[in-house]
1. Quick one: Ala46 ticks every box in (1) at pLDDT below 75; (2) open to solvent by less than 50 Å² (accessible area, probe 1.4 Å) except a single one, so which number is it?
2. Say we look at region 349-402 and pick out the residues that are outside any strand (DSSP E or B) and of a type in the set (Asp, Glu); which of these is nearest to Ser420 (Cα to Cα)?
3. I'm told Leu282 meets every condition in (1) open to solvent by 10 Å² or more (accessible area, probe 1.4 Å); (2) of a type in the set (A, V, I, L, M, F, W, C); (3) without any contact (Cβ under 8 Å) to a residue 40 or more places away in the chain except one. Can you identify the failing condition by its number?
4. Could you pull out every one of the strands (runs of 3 or more DSSP E) wholly within region 424-464 that has 1 or more residues that are within 20 Å of Cys393 (Cα to Cα) and in contact with a Gly (Cβ under 8 Å, 6 or more places away or on another chain)?
5. Across region 341-384, what is the total count of residues that are under 27 Å from the mean Cα position of the chain (by Cα) and open to solvent by 50 Å² or more (accessible area, probe 1.4 Å)?
6. For region 256-278, state whether one or more residues are farther than 21 Å from Pro458 by Cα, open to solvent by less than 20 Å² (accessible area, probe 1.4 Å) and among the hydroxyl-bearing types (Ser, Thr, Tyr).
7. Is it true that Arg280 is touching a Leu at 6+ places or on another chain (Cβ under 7 Å), farther than 14 Å from Ser222 by Cα and not in a loop (DSSP other than H, G, I, E, B)?
Amino acid sequence: MLGVWLLLWGSVALGGRADTAFLHRAHDSSGHCTYSFTVASPLEAACPEAAGGVPELRAELAALAARLSRLESRERGMGGSGPGGARDPQQVASTARLEAAYGELLRAKSRLEEEKGRLEREKEELGRRLESSAQEITRLRAARCSPGREGPGRDTLRAPAKAPRWEPQPLAYQELQSERTEVPVSRLLEETALGRPGKEDTAGCGQLVWVGEPVVFGRADSIAGKYGVWMKDPEPVPPFTRDNTWRVDTVGTEVRQLFQYEEAEQLARGYPAKVHILPRPLESTGAVVYRGGLFFQPRQSRSVARYDLRGETITAEREIPGAGYHGQYPYSWGGYTDIDLAVDETGLWVIYSTEKARGAIVLSKLDPETLEIRRTWETNIRKRGVANSFLICGTLYTVSSYSTPNATVNFAYDTATGTSRALSIPFENRFRYLSMLDYNPAERQLFAWDSFNMVTYPIRLSRA
C-alpha cells in the first residue's frame, strides 16, 4: 500500500496542479472499500460553477481512480494477502490432504460393503452345503445299516461276506452266555458282579480283555444330538427300574433337558415319557445316573451336583478342589470334558485333572449322597492324550482315539495297586466321533455316544 501512496503522490506532482494530495479509504454503506482524494488548488480559492475547472478535475480524478484500480489488480496478481490475494500454500496442501483422505475413506467403505455382501453369500452357501451333507450322511448310514429284527430298539449290522450270520439274542442271554463261555463263575459271583445295592464288593471282578462290536440302540435326529450322554441306573430306587433309560443332548450353551424313557424301545422310537428341566444347565457329556440321582457338572464350574429324579431338585453340590473346567483339561475330542463322572461295581467316581497334576488324570471316589471325596489317586496318564475313559472294578481304562475306526483301549490304571500298564485291546469307532463312554456294572456293557448314535459294546473280563 505504500507503493500506491507513492504512485499517487507522483501522479499529482507530475500533473502540476498541487504539491500535496491526500488519499482517504473507508467503507461505504454497502460495505465496499472506497477511496477519496483531497487536492488543494494552487490557483483557486473557490470553485465557481461557471469555471471550466470542474470537468477537468473530474477527468483527472477518474484517471487517478482507473490507475489505482490497475495497481490493485497488479497487486492481487502478484500474490498479495488482501481479500483477493492467493491462499497460503500450507493451507492449500492441508486441504488437498484432507480431500484425499476423505476419498480413501469412501473407497474403503465401498470395499467393506462389497466384502460384507460376499460373506453373506458364502454363509448362505455354506448353510445349503451343510444341509445337503447331513442328508447325504443320513442316506449313506441308512444304506450301510440293515434294519434289525424286532427287539429292544436295536439296529444290527450286516455280517461280512462268507461269515456266519450272528443272530442277536435277548440282552440278559447274551451276558450270561458270554460269562459262561469265557469266564466261568459261580452264581454267587455273578450276583455280586451285577452290583447289588449297598455293596462295594469287588468279588467277581476281573481285568478287561475284550470289547465287542458296537450295537446301535437309537439315534438323535437333530444337530443338538451330535454328541450327548445316555444312561441306565445300575442301582435304581423305586419307582424307577433298570429298564428306565435317560438321555441328554449336550450341544448348546443352555443344556437343561433330561429325557426319561420307560425302556430302551422308547429311546429307539424317540418318544420320551417325561422331560426334566434341570435347575442349572449341564456341561459336557460326563453325567451319570446312579441310585435315583443324576450326577452332573454344572456349566462353567468345577463342581459336581446331584439332581434327585423323584423330587426333581438338586440335593447336593460340591466343588472338586483344583479341578480344571470349561476347556482346561478336556479329553482329546474337546467338548469341555474336563470333569467326567463314572460308576462301577465299587461306586461313584469323578475323573478330572488339576494344575498340580500338570494335566494328568486324577481319580476321586465320591460319596453318592453328600459328594464328599473319600480318596484320590493321581495317575501318569495325560488326560488330553486320550479320547475317553471308564472304570471297571476300580480300574481306570482309556481309549486311544475318538475318530480312528480301529482304535484301542490303550491304558489301565489299577487303584488297588496304584500302578498303570499299557494295553492294546481293539475298540471300534464305527461312526468316528466318540463323545461319551461309560461302563454299566449291572449290564456288564459299555454305553457310548458316537456321532448321533447311542450304542453299547459287550465286554469280557478275566480274573487277575
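1. All conditions are met except number (2).
2. Filtering first and then ranking leaves Glu355.
3. Here Leu282 meets the rest and fails (1).
4. Working: elements: 434-440, 445-450, 453-462.
Those strands (runs of 3 or more DSSP E) span 434-440, 453-462.
5. Residues flagged as under 27 Å from the mean Cα position of the chain (by Cα) and open to solvent by 50 Å² or more (accessible area, probe 1.4 Å) within region 341-384 amount to 4.
6. The answer is yes, given that some residue of region 256-278 is farther than 21 Å from Pro458 by Cα, open to solvent by less than 20 Å² (accessible area, probe 1.4 Å) and among the hydroxyl-bearing types (Ser, Thr, Tyr).
7. Here the answer is no, as Arg280 does not meet what is asked.
The values are calculated or read from the model by the stated rules, or taken from the named source; none is laboratory data. In this text, all values refer to a predicted model and were calculated from it rather than measured experimentally. Every residue, glycine among them, receives a Cβ derived from its backbone with ideal geometry; neighbour counts consider all protein chains shown. Heads up: the accessible areas ignore ligands, DNA and RNA and are worked out on the full protein's heavy atoms, side chains in. Shrake-Rupley method; radii C 1.70, N 1.55, O 1.52, S 1.80 Å.
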